[in-house]
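Read the figures in this text as sums done on the coordinates, not as results from a lab. These numbers were taken from a predicted model, which means no experiment stands behind them. Cβ placement follows ideal geometry from the backbone for every residue including glycine, while neighbour counts extend to all protein chains displayed.
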């Protein structure tokens with residue numbers, strides 16, 4: 001996509017490109033998302049950037065009207081398996097905040113200089129700048145949705161000092177933290193109400209199908225789906241780097257987002273928790289690109305038309321998903337009962353965290369996989385090499401190739417996992433999914449949905 005095409009998208013306020021690129025106006029010093037409702041600036045005054053961090057690095061501040069820091073992420077980073085794609089996913093999960101750039105580079109198997117150079121070349125910003133942009137968004141959410149003291153918000157967002165926090169907020173939003181908070185008009189109290197979130201997505205979103213899947217998979221004590229169809233709420237516990245959490249996500253929404261409420265034992269986990277929810281609900285997908293590719297197939301075209309915006313959900317906890325997929329529902333429930341960690345403050349029917357892999361390394365059923373996860377032989381973090389992970393998974397005793405592929409699709413969020421040969425037999429004899437690349441996982445979801453619809 002060249003700059004002229006980008007300007008056409010800006011002129012038409014095309015929301016399909018929100019998060020795919022950003023534009024900045026030299027005469028105002030402001031950067032925006034493509035769908036910004038403000039008057040379209042003259043082409044000569046517009047610059048384009050691949051990320052919000054790149055625009056911020058060039059001195060532009062975020063638009064107050066369109067809030068470009070709150071757009072969905074680019075679907076490209078879920079597709080790409082190279083070092084840049086893996087790095088972006090890991091930065092989103094908070095690795096730079098927790099381990100610094102050396103930790104990110106070590107996980108990627110590159111030097112810090114190589115990672116810096118590659119990210120700058122493609123994204124216009126290095127890992128520190130990308131992490132800082134993410135911290136700023138987290139800080140804005142906390143300032144405008146809680147009554148927490150500014151000092152506490154600064155450290156919860158990942159800033160090293162209050163001075164750094166204040167300087168960054170002023171530079172990105174052109175307001176002090178106090179002024180940013182005052183925009184909401186009311187001062188919200190922190191505590192039992194939790195942190196309200198709007199988890200943005202682009203394009204249509206097949207909410208019902210996602211909640212149907214979550215309801216079928218829900219496991220007592222750690223997750224539940226409550227309410228009537230069309231107005232359900234999905235609730236689950238979260239194991240996070242600094243503590244634990246409980247999240248509630250609503251099926252019904254008033255806009256291009258999912259409403260959620262998050263309770264955390266440690267606010268430093270906010271950024272990581274949000275990114276894991278985004279992966280679970282596949283909120284950074286590009287439904288337009290998926291539909292365009294899959295609709296070219298005469299077999300899939302009517303399925304795509306019947307379920308616009310069908311997503312390929314991931315998981316909030318990759319290791320948990322892998323162990324549950326390996327063990328099956330009944331054994332997984334026994335694992336929670338026997339080895340799950342009880343929450344300090346149970347929340348209704350949510351009482352436990354799924355057991356960590358290390359606690360199950362000697363288990364007679366899931367022990368081989370749990371030991372491989374605990375020892376690091378199998379990596380399922382956002383920056384893991386998907387090919388390497390699947391290869392090692394296939395070597396785990398008792399783990400079937402079909403299960404390894406499912407773990408790759410869901411736990412590693414791979415949008416391009418081939419369907420099982422028997423999945424499309426009734427719908428598409430002689431199924432060949434190569435034409436569906438890089439969106440074969442979405443084809444799987446459409447074929448599964450069609451199969452489920454035929455069941456009595």
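For this structure, a couple of remarks:
- Using the Cβ-Cβ distance between residue 374 and residue 182 with R0 set to 41 Å, the FRET efficiency works out to roughly 0.30.
- Counting only the Cα atoms, the range 318-410 fills a convex hull of 105 Å³ per residue.
- DSSP beta bridge pairing in the chain, given as percent antiparallel to the nearest 5: 90
- Computed from label points 7 Å out along Cα-Cβ, the spacing between residue 400 and residue 26 is 6.1 nm.
- Along each principal axis, taking the top coordinate minus the bottom one, the Cα set of the range 194-281 gives 33, 30, 20 Å in descending order.
- Cα point-scatterer Debye curve for the range 146-252, base-10 log of I(q)/I(0) at q = 0.18, 0.20, 0.23 Å⁻¹: -1.03, -1.10, -1.23
- Taking only alpha carbon atoms, the range 9-105 gives an Rg to Rh ratio of 1.02, where Rh is the Kirkwood radius.
- For the peptides 265-272, 99-106, the ranking by mean Cβ contacts within 10 Å, running from highest to lowest, is 265-272, 99-106.
- Overall form of the range 252-292 per C-alpha gyration tensor (a/c, 1.5; a/b vs b/c): oblate
- Helix-only mean residue ellipticity at 222 nm for the chain, each DSSP H run of n ≥ 4 adding -39500 (n - 2.57), per residue, nearest 500: -13000 deg cm²/dmol
- Set against the labelled values [x] 62, 53, 49; [y] 124, 75, 43; [z] 89, 59, 42, Cα extents along the principal axes in Å computed from this structure falls on [x].
- Segment residue 163..residue 3, full-extension length gain: 53.9 nm, with 0.36 nm per residue of separation and the alpha-carbon distance subtracted.
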